[in-house]
Amino acid sequence: MNMVPAIAHGALLLLFASPFAQGESLLGFPDAREQLEREAEYRAALSAEDQQSWSKTLTAQPHHAGSEYGRFNAEFIAERFLDWGYDVEVEVFDILLPVPLKRHLSLESPTRYTAVLMEDVVAGDVSTEDRDEVLPPYNAFSVDGDVTAELVFVNYGIPEDYELLERYGIDVTGKIVIAKYGKSWRGIKPKLAAEKGAIGTIIYSDPADDGFSRGDVYPEGAFKNASGVQRGSVMDMPLYPGDVLTPGKPAIKGTRRLSRNKAPTITRIPVLPISYKDAQPLLRALGGEVVPLEWQGALPLTYHLGPGPARVRLALEFDWQRITIRNVIARLEGSAYPEEWVLRGNHHDGWNHGAADPISGMVALLDEARAVALLAKAGERPKRTIVYAAWDAEEPGLIGSTEWVEKHIDQLQKQAVAYINTDGNSRGFASIGGSHTLEPFFNELLRSITDPQTDVSLDERLRARIRVAGTDEQRDELKERGDHRISPLGSGSDYTPFLQHAGIASANLGFGGEGMGGSYHTLYDTFEHFSRFRDPGFRYGVALADLAGTATLRLANAEVLPFRFGGLAENLQHYLGELQKLADDARAEALRINGMLDAGDYALALDPTKALTAPPAKKAVPHFNFAPLENALSELTEVAQSLDATLADSDPANPGELNRRLYLSERALTSPDGLPGRDWYRHQVYAPGFYTGYGVKTLPRVREAIEAEHYDEVDEEIGYTAEVLTRFAAYLDETVGLIGE
Ligand SMILES: [Zn+2]
């Protein structure tokens, strides 16, 4: 048994959080012994050897959505679940998925170069040899197009990069931009470029970010070699994910589909990803001003902004095919509360062989599902129904999971307790993102699970890292707070439809930080690469199955579901503080810049022989009225603490109704209006950023109004969000009342 002994991490922890301080106790289990025995049995059944052998099978051929091998994998996964005793259904959807017919990129003048757009076969990795089924490098949901124009270098292509370009007097209207991968989700780059008037986007991976500057390149080392290209979707997921033609509705017979030219999540301009080998001649041909120092990459040339004299032609044509995708859904009916569902998923489609992304997470899920089934056979059937899902078409835009949630939304909103997601995995530290109502629950798990390399708990290993390499703020929090903050979720994997559309408490679990790589979404995400560099021996695969499976089993068996609310209230206070600081900083910055402009400082400080000019005057930032949010949060904090205290010492007579209220609590943080301009996103606490993509925006209505300088809307959004939180506090208050009865 791998239980971790009681260790005092700080005063708060001792008082409120340490589960082992008074004998063995677990959130939600009046008597934890039985559950801990069950977990020990579960853990003993996990197998690195089997994960490795499943990985070999599932990564033997490219298995993107719609491919032959993708279908084979779905069937292979379904058969395993069937063998283990699950009720299995393969749910299909018909979705739009473009694949490239023509990809052309050339430098037309002042010199000529035609981009190769192909990745090299590498010695020692047989997976890179057979090209029949390989998807060539492309960005899914780029529009067709054939454009020729001058080139402009836009660094990472994020809003602040365009602000600086404007100060250089560079307008990208009618130009083709070349941007580095990184700093934002890739779909933001063509979206922003199009808004700025560009007619095409090229994205490349600079070796400074994940190539030779970071370490030896593949096959000598893990990092990106000169021919490697990151594929990926560029659909406008911050608007809505899933099938581009059926927003908010399942892509099944009978659903009305948009015509393709009306689908708002397809890019407006053509976009193509390339290698640094192909980027180098284009960048070398750029003239104009030398880039600011922070924009310089690692290629052996001086980077220039352009525009021109480099002129490039970008010509793309796609087969806009309708394909069938296959979600594998496996159920194990609960023994006591079959109508309450604990959901657990990982996608099975990859861009090519997909050994890290997604198969490393998929085989951990399979290992988990088998061990849970063994428990059930031995008479330890979980109390709640567990639903395992292997999603298809995650890579092109979270399509399989989104369509499934849209199809089953009514039932899910009534019955789903929580959704636990995994995706790619590698060696290193536990990383947990999720709903703050599950923060104490996940902290307890971090203390329960052992790190395979160091034999201490995941929690202790995280603490040691913060002490060694954390910021001052993290170190202070470690001492004062007790629990680790679990990070709020933006987007980037299949939890999005569950959390942000359906309002189901969710988490995303994984390990990382030590498994090096530049293989993400390239031809080199192979079994060979993965087992050399990312998780040799699949030890962290077993750790992931341990972490996610223990979470699933605890949620499935708890007498009282382990939701707690004080941590949520405290995190919301923290976010409110961030918003106030955001507004204060913006105000101070506007005053500072406008003051310097008035004084004529830029004219004196900037080199008059260079193109960089003064920034434009800033909009003055008014003082906002945060009082409604402050009041709502004071109330919420009080009610949340009182509910947590009641939950801690009650053994409720009627856990059924209480549990229902606990798991429905996340729904109360959503609103049917959704967010401004994107009503698919209903959660009012967590959303992916409209201009960052994967990056989370907490309290998004207020935060994005300030960031977008829509200052006249801020007070209204504060009021809206405060109302949601006040309703939520009332909901918790009624729940306290229920336990008291
Ligand atoms: Zn993935």
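The values are calculated or read from the model by the stated rules, or taken from the named source; none is laboratory data. Not measured: the values here are computed from a predicted model. For neighbour counting, all protein chains shown are included, and Cβ atoms are generated from backbone atoms with ideal geometry for every residue, glycine included. The area values use the complete protein model at the heavy-atom level, side chains included, leaving out ligands, DNA and RNA. Shrake-Rupley method; radii C 1.70, N 1.55, O 1.52, S 1.80 Å.
Structure notes:
- The chain: DSSP helices with Cα axial extent of at least 20 Å and average Kyte-Doolittle hydropathy no lower than 0.0: 361-377, 539-557, 627-649, 711-740
- Spin-label model distance (nm) - Lys619 vs Ala469, 7 Å beyond Cα toward Cβ: 4.0 nm
- Measuring nothing but how far apart in sequence close Cα pairs (under 8 Å, 6+ apart) lie, relative to its length, the stretch 566-740 scores a relative contact order of 27 percent.
- Packing order of peptides 273-281, 64-72, 400-408, highest average first: 400-408, 273-281, 64-72 (average count of other Cβ atoms within 10 Å over each peptide's residues).
- Residue-normalised accessible area of the stretch 432-541, expressed per residue, 1.4 Å probe, Å²: 30 Å²
- Taking the chain and dividing mean pair separation by its residue count, relative contact order in percent (alpha carbons under 8 Å, at least six apart): 18 percent
- Percent accessible area from carbon and sulfur atoms, the chain, protein chains only, probe 1.4 Å: 50 percent
- Proximal charge balance of Ala330 [Cβ under 10 Å; K/R count +1, D/E count -1]: +1
- A Cβ-based charge dipole, computed about the Cα centre of the stretch 566-740 with Lys and Arg at +1 and Asp and Glu at -1, lands at about 540 debye.
- Near Ala32, once Lys and Arg are set to +1 and Asp and Glu to -1 for all other residues with Cβ below 11 Å from its Cβ, the sum equals -4.
- The packing ranking, built from the mean of other Cβ atoms within 10 Å per residue, places the peptides 469-482, 140-153 in the order 140-153, 469-482, highest first.
- Selection among Gly354, Pro137, Gly503 by position relative to the dipole of the chain gives Pro137 as farthest towards the positive end (Cβ unit charges, Cα centre).
- Bins of 10 Å, starting at 0 and running to the largest distance - Cα pair percent for the stretch 490-605: 10, 20, 24, 20, 16, 9, 2, 0
- Contour excess over end-to-end distance, with Cα ends at Asp146 and Glu589 and 0.36 nm allotted per residue: 155.3 nm
- A helix-only calculation puts the chain at -11500 deg cm²/dmol for mean residue ellipticity at 222 nm, using -39500 (n - 2.57) for each DSSP H run of at least four residues, averaged over all residues.
- In this simple spin-label model, placing a label point 7 Å from the Cα along the Cα-to-Cβ direction at both Ala208 and Met596 gives a separation of 2.1 nm.
- Accessible surface computed residue by residue for the stretch 566-740, with neighbouring protein chains in place and a 1.4 Å probe, gives 46 Å² per residue.
- Residues Ala336 and Leu82, FRET efficiency given R0 of 30 Å [Cβ-Cβ distance, rounded to 0.05]: 0.80
- Euclidean distance between Cα centres, the stretch 90-161 to the stretch 390-449, Å: 30 Å
- Per-pair calculated FRET efficiency, R0 = 60 Å: Glu89 and Asp216 via Cβ, rounded to 0.05: 0.85
- Radius 15 Å from Cβ of Tyr524, net charge of other residues (Lys, Arg +1; Asp, Glu -1): -4
- Per-selection Kirkwood Rh - the stretch 293-408 (Cα, Å, 1 d.p.): 18.2 Å
- Remark: spin-label model distance Glu129-Ser53 equals 2.4 nm, labels positioned 7 Å along the Cα→Cβ axis.
- Summarised in one figure, the compactness ratio Rg/Rh of the stretch 96-321, Cα atoms and Kirkwood Rh, is 0.98.
- Highest to lowest packing among 689-700, 296-307, 500-511, 252-263, scored as the average C-beta count within 10 Å: 500-511, 689-700, 296-307, 252-263
- The alpha carbon centroids of the stretch 176-235 and the stretch 664-712 are separated by 27 Å.
- Based on Cα contacts under 8 Å between residues 6+ apart, the stretch 96-321 shows a relative contact order of 35 percent.
- Cα centre as origin, Lys/Arg/Asp/Glu Cβ charges: the stretch 407-488 dipole, Debye: 160 debye
- Under the shape rule built on the C-alpha gyration tensor, where the axes satisfy a ≥ b ≥ c, the stretch 58-144 is oblate, since a/c reaches at least 1.5 while a/b does not exceed b/c.
- 10 Å binning of all Cα-Cα separations within the chain, expressed as whole percents from 0 upward: 3, 14, 24, 26, 20, 10, 3, 0, 0
- Accessible area in the full protein assembly, largest first, 1.4 Å probe, for Thr173, Thr324: Thr173, Thr324
- Pairwise FRET efficiency - Arg167 versus Ser634, Cβ, R0 = 35 Å, nearest 0.05: 0.20
- Note on the stretch 566-740: Kirkwood radius taken over Cα pairs, Stokes-Einstein applied at 4 °C and 1.567 mPa s, translational D equal to 69 µm² s⁻¹.
- Dividing the Cα radius of gyration of the stretch 398-458 by its Kirkwood radius returns 1.08 for Rg/Rh.
- Placing unit charges on each Cβ (+1 for Lys and Arg, -1 for Asp and Glu) gives the stretch 96-321 a dipole about its Cα centre, and among Val271, Tyr156, Val291 the Cα reaching farthest toward its positive end belongs to Val271.
- Summing Cβ point charges (Lys, Arg +1; Asp, Glu -1) relative to the Cα centre of the chain gives a dipole of roughly 1460 debye.
- Counting every C-alpha pair in the stretch 473-555, the share spaced more than 14 angstrom apart comes to 76%.
- Positive-end residue, the stretch 566-740 charge dipole about Cα centroid, Cβ charges, pick of Thr670, Ala569, Asn654: Thr670
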